[in-house]
Amino acid sequence: VVISDWDGTGVTDRATLDLSIDAATRLTSEILQGLTSVDLRAAQTNAIIAHPAGILRGEDYLHTGKVERVDTRSLHHLLNEGILPVIPPLGFDGEGRTYRVNSDGIAVEVAEAMQAAKIIYMGESAPVEVAGTPVHQLSIPEAEELIRRQRAAGAAGQTASKLEHSVRACRQGVPRVHLLNGLQDEALLTELFSNEGIGTMIYSNEYQQIRRMFKKDVRSVMTLIRQSVQDEALIRRTRAELLAQIEDYWVLEIDRNIVGCVALHTYPEQSTAELACLYVSRSHENEGFGRKLMAFVENVARERGVTRMIALSTQAYRYLIQKGGFVETGPEALPPARREKYEASARNSKVLVRELAPERPAP
């Protein structure tokens, strides 16, 4: 059989539709067998209501379909009964016709209709690579830029399709989408039961956020920075100290897990603010989160009328100079109250400063 289109986005002739139905039936049977073997109930559904894709750019797409709606009522009924719905990449209309529909697109439509927390795509490769380097997290703009570069280079295939549908899903309200290598043993279990996962995650702004630290977060923050405190990169902070200055702290949260933190201590008399307790978990290093935290507190400092930021560091001063725009200075640049603490600590930290230029008014 000569296949007219391989992924359900082009023209689907009768022979290709028949082959697609056969393949979907076999795959659905394998999924049902696997779920049954672990005592999970499941059922194939016809929840995808579709209509013909029609004539596009002058060409009749024949048996290619477009999702009209998702029968969420039937899906909720199955789930409420403890039955997992198995949805093949096929759509059906009210006259009994069957259409071939792109499986990545169906996942987006179902996730949006069911208000899913995430989509997990299983493909032949993951994580996504950029210049040979694995990328484990992409924001929507970053994913769109990668798609643009792939198109310019003439790249196509499963990964490109899944990236495009991931962006679409996030734009339509799905907080995050994960791309996993389906050929890797226990990839799905590792993704579901670890904080960071093993594939590539595309996230919307609602998924990754910097927010204020709450009382319930204090223990997590202390655990997060524990190793850095032991390495003397950060000063030791007690629970009481964190609670006393809780309004000065923000955390970076990913998938309900705190993976970074930062503090901004303000000295209004000197129009100065101290960048402190900047830390990102080792599992999220080299992904730009440190710079994002610095940029965030810089904006907070500007809102408070601060004209100068300071930072003290024993080990990360190179990073602060190179990535944060700080320059080295001496203890005399510190506000009196902070200099007193500096001298009492005997840590001999490098003192860094950055002048905040006033923002230009909008034209």
Legend entry - Verdict on Leu163 being closer than 30 Å to Asp39 by Cβ and of a type in the set (A, V, I, L, M, F, W, C): no
Legend entry - Extreme residue, farthest from Ile254 (Cα to Cα), among residues of region 281-328 that are of a type in the set (D, E, K, R) and assigned to a loop (DSSP other than H, G, I, E, B): Arg304
Inset, instruction - Looking only at region 301-322, count how many residues are in contact (Cβ under 8 Å) with a residue 12 or more places away in the chain and surrounded by fewer than 16 Cβ atoms within 10 Å (Cβ to Cβ). - result: 6
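Mind listing whichever residues of region 228-285 are among the aromatic types (Phe, Trp, Tyr), in contact (Cβ under 8 Å) with a residue 40 or more places away in the chain and closer than 30 Å to Lys118 by Cα?
Filtering region 228-285 down to residues among the aromatic types (Phe, Trp, Tyr) leaves 249-250, 267, 279.
Remaining after also requiring in contact (Cβ under 8 Å) with a residue 40 or more places away in the chain: 250, 267, 279.
Hits for region 228-285 are Trp250, Tyr279.
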Inset, instruction - Considering every residue within region 220-243, establish whether at least one is in a helix (DSSP H, G or I), assigned by TED's automatic domain parsing to the domain that holds Ile321, surrounded by 19 or more Cβ atoms within 10 Å (Cβ to Cβ) and over 26 Å from the mean Cα position of the chain (by Cα). - result: yes
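Output the number of residues of region 188-215 satisfying the condition of being of a type in the set (Phe, Trp, Tyr), at pLDDT below 75 and touching a strand residue (DSSP E or B) at 6+ places or on another chain (Cβ under 7 Å). Give the derivation first.
So in region 188-215, the residues of a type in the set (Phe, Trp, Tyr) come out as 193, 203, 207, 214.
The next check asks that each one be at pLDDT below 75; those that pass are 193, 207.
Filter once more, keeping what is touching a strand residue (DSSP E or B) at 6+ places or on another chain (Cβ under 7 Å): 207.
The qualifying residues number 1.
Kindly indicate whether Ala23 is surrounded by fewer than 17 Cβ atoms within 10 Å (Cβ to Cβ) and either of a type outside the set (Asp, Glu) or assigned by TED's automatic domain parsing to the domain that holds Ser74 (or both). Talk me through it step by step, then tell me what you get.
Working: surrounded by fewer than 17 Cβ atoms within 10 Å (Cβ to Cβ): yes; either of a type outside the set (Asp, Glu) or assigned by TED's automatic domain parsing to the domain that holds Ser74 (or both): yes.
Against the criterion (surrounded by fewer than 17 Cβ atoms within 10 Å (Cβ to Cβ) and either of a type outside the set (Asp, Glu) or assigned by TED's automatic domain parsing to the domain that holds Ser74 (or both)), Ala23 qualifies.
The values are calculated or read from the model by the stated rules, or taken from the named source; none is laboratory data. Just so it is clear, the structure is predicted and the values come from calculations on it, not from any experiment. All Cβ positions, even for glycine, are placed from backbone atoms using ideal geometry, and neighbour counts span all protein chains on display.
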